[in-house]
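J.: First, the structure itself, so that you have it in front of you.
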Amino acid sequence: AQDAGEYTCDSGDQQTTASLHVKVLPVLFNKELKNVEAEEGGTAVLRCEISKPDAPVEWRKGGVVIQPSDKYEVKLKGSVAELIIHGVEPDDC
């Protein structure tokens, strides 16, 4: 999107100008989340793959955004997004 704008080719005596419009493609899921089981006190890892590497993602439980903390670890490496839940409790279901 940052490449959008007006471009000019100048030959010295003449010039021509055109606009470049960039259609931003949506981020799609190449691999969706799968159900996970974990033992109480253990660690659960939720993982999905997105179509645009390093695109921002947001994790939610219900409608509440999950913020990174000692309990919730959020990772984004290329196109793989992970939510790691440490010390899993029944309330994490």
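J.: Which of the numbered conditions does GLY42 fail, given that it passes all the others? Conditions: (1) under 23 Å from GLY78 (Cβ atoms); (2) at pLDDT 95 or above; (3) open to solvent by less than 60 Å² (accessible area, probe 1.4 Å); (4) not aromatic (Phe, Trp, Tyr).
T.: Only one criterion in (1) under 23 Å from GLY78 (Cβ atoms); (2) at pLDDT 95 or above; (3) open to solvent by less than 60 Å² (accessible area, probe 1.4 Å); (4) not aromatic (Phe, Trp, Tyr) is unmet by GLY42, namely (1).
J.: Could you run through segment 55-74 and say how many residues are outside any loop (DSSP other than H, G, I, E, B) and either hydroxyl-bearing (Ser, Thr, Tyr) or open to solvent by less than 70 Å² (accessible area, probe 1.4 Å) (or both)?
T.: Residues flagged as outside any loop (DSSP other than H, G, I, E, B) and either hydroxyl-bearing (Ser, Thr, Tyr) or open to solvent by less than 70 Å² (accessible area, probe 1.4 Å) (or both) within segment 55-74 amount to 4.
J.: Let me ask something else about it. Among all residue pairs at least 6 apart or on different chains, which show Cβ distances below 9 Å where the first residue, located in segment 45-72, is within 17 Å of PRO26 (Cα to Cα) and without any contact (Cβ under 8 Å) to a residue 40 or more places away in the chain and the second is surrounded by 11 or more Cβ atoms within 10 Å (Cβ to Cβ) and among the acidic types (Asp, Glu)?
T.: CYS48/GLU82
J.: Pairs needed: first member in segment 16-39, touching a residue at least 40 places away in the same chain (Cβ under 8 Å); second member anywhere, of a type outside the set (A, V, I, L, M, F, W, C); C-beta distance under 8 Å; at least 6 residues apart or different chains.
T.: ASN30/GLU49; ASN30/SER51; ASN30/SER79
The values are calculated or read from the model by the stated rules, or taken from the named source; none is laboratory data. None of these values were measured; they are calculated from a predicted model. All Cβ positions, glycine included, derive from the backbone under ideal geometry; neighbour counts span all protein chains shown. These area figures cover heavy atoms from the full protein model, side chains too; ligands, DNA and RNA do not enter into them. Shrake-Rupley method; radii C 1.70, N 1.55, O 1.52, S 1.80 Å.
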